[in-house]
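The structure under discussion appears below in the form of structure tokens.
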Amino acid sequence: MRIGVPTEIKTEEHRVALTPAGVRELVEHGHEVVVQRGAGVGSAIPDPAYVEQGATIVDDAAAVFAGADMIVKVKEPQASEVALLEPRHTLFTYLHLAPAPELTQGLMDSGATCIAYETVTDDRGGLPLLAPMSEVAGKIATQAGAFALQKAAGGRGILLGGVPGVRSGLVVVIGGGVVGVNAALVAKGMGADVLVLDRNIDRLRELDLLLGDGASSVHSSTLAIEELLPQADLVVGAVLVHGAKAPHVITRQQLGLMKPGAVLVDVSIDQGGCFETSRPTTHTEPTYEVDGVTHYCVANMPGAVPVTSTRALTNATMPHVVRLADLGAVEALRADRHLLAGLNVAGGKVTYAPVALDQGREAVDPLVALDALSTAAA
């Protein structure tokens with residue numbers, strides 16, 4: 001199989017979907033790898049490092065798509081990339097389709113087989129290809145929030161860790177998953193007072209053990225959030241519903257409960273955002289203000305630290321990339337129910353039920369979609 005790696009073109013995205021180690025592994029399995037010139041530069045990987053491991057460098061995305069059977073990326077394809085997809089392609093990347101009906105339609109029209117990192121599962125019920133970026137995003141969320149609280153950045157002028165004789169800031173984390181735990185750990189390390197909210201009682205017990213002294217767990221409810229908002233200096237939204245749009249846990253009206261200059265960081269923005277007033281921002285212009293409250297809603301937070309995040313992501317994705325290349329997409333998906341859970345679009349149909357539900361579309365059973373692909377290929 002020929003695997004193509006285009007340069008990411010989403011605003012301020014510097015990650016790359018394959019490292020030289022990944023090229024080496026694919027080549028050793030008998031596959032060919034085509035990398036767009038400069039694709040790895042933002043992650044401190046020069047073109048010669050790919051060539052040394054057997055990759056071919058091409059000048060533009062059109063050459064990558066034309067010469068590859070499978071396209072591996074980091075972020076969802078932009079419009080110019082969707083236009084290059086064909087039915088023969090397998091696309092393996094983050095998709096986050098639930099809040100993006102136009103992208104969904106574009107992928108359906110392309111006829112490509114589209115597998116989303118964020119909905120691939122594992123035996124423990126986790127999301128192993130989302131987890132490493134959730135770890136990065138959770139840590140960045142607290143760092144970014146701490147910076148936004150500085151007066152020069154438009155915040156209240158709060159030092160999260162406080163100093164002797166001056167109280168620490170209060171960080172409220174809504175959602176106790178991977179993002180929430182990492183946000184809480186960094187906030188705790190900074191010396192802040194930390195509260196983590198979640199609806200799952202068993203998870204709250206786990207959080208008490210994971211976070212230890214210096215952080216407390218709270219059962220999440222609308223009333224609990226409203227009672228905490230007047231006290232909070234930084235609120236991190238870390239709500240996840242697998243593959244579906246994030247619910248709003250803070251409304252526009254509830255912003256009035258918060259202190260002027262307080263900060264909201266919405267890590268759920270890729271899935272539509274968990275604050276009613278959230279809208280996607282970029283690393284170039286990461287914040288905006290609504291009713292005196294600063295919002296940080298960067299849609300690709302891990303893109304700020306590509307040297308770290310590229311390697312963390314590819315460590316997780318490479319076994320699946322190799323399996324897809326070795327077996328072909330249809331057989332690899334049939335053989336692995338966890339990889340099959342990542343199939344979002346195939347043969348012009350939506351195969352992931354939460355996306356179909358959010359967009360008012362009909363979902364097709366993924367195995368039925370694969371059978372149709374096999375019939376069409378025959």
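The values are calculated or read from the model by the stated rules, or taken from the named source; none is laboratory data. Everything numeric in this text was worked out from a predicted model, so none of it was measured. Here the Cβ is made from the backbone with ideal geometry for all residues, glycine too, and neighbour counts use every protein chain on show. The protein model used for the area step is the full one, side chains on, heavy atoms only, and it has no ligands, DNA or RNA in it. Shrake-Rupley method; radii C 1.70, N 1.55, O 1.52, S 1.80 Å.
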Next on the checklist: Here are the criteria: (1) under 22 Å from the mean Cα position of the chain (by Cα); (2) hydrophobic (A, V, I, L, M, F, W, C); (3) in a helix (DSSP H, G or I). Tell me which single one C114 does not satisfy.
Outcome noted: (3)
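Given segment 1-82, what helices (runs of 4 or more DSSP H) lie entirely inside it while holding 1 or more residues that are in contact with a Lys or Arg (Cβ under 7 Å, 6 or more places away or on another chain) and open to solvent by 10 Å² or more (accessible area, probe 1.4 Å)?
Ranges flagged: 47-52, 61-67.
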Checklist entry - Is there a residue in segment 323-346 that is within 25 Å of R124 (Cβ to Cβ), buried (at least 17 other Cβ atoms within 10 Å of the Cβ) and of a type in the set (V, I, T)? => result no
Next on the checklist: Show the residue pairs meeting these rules: Cβ distance below 9 Å; 6+ apart or different chains; first residue within segment 160-182 and basic (K, R); second residue modelled with pLDDT of 95 or more and open to solvent by 20 Å² or more (accessible area, probe 1.4 Å).
Outcome noted: R167/D193
Next on the checklist: Return the residues of segment 183-205 that are in a helix (DSSP H, G or I), without any contact (Cβ under 8 Å) to a residue 60 or more places away in the chain and surrounded by 15 or more Cβ atoms within 10 Å (Cβ to Cβ); say none if nothing qualifies.
Outcome noted: A184, L185, V186, A187, K188, M190, R203, L204
Item to check | Within segment 312-322, considering residues that are in contact with a helix residue (DSSP H, G or I) (Cβ under 8 Å, 6 or more places away or on another chain) and not hydroxyl-bearing (S, T, Y), the one most open to solvent (accessible area, probe 1.4 Å) | outcome: N315
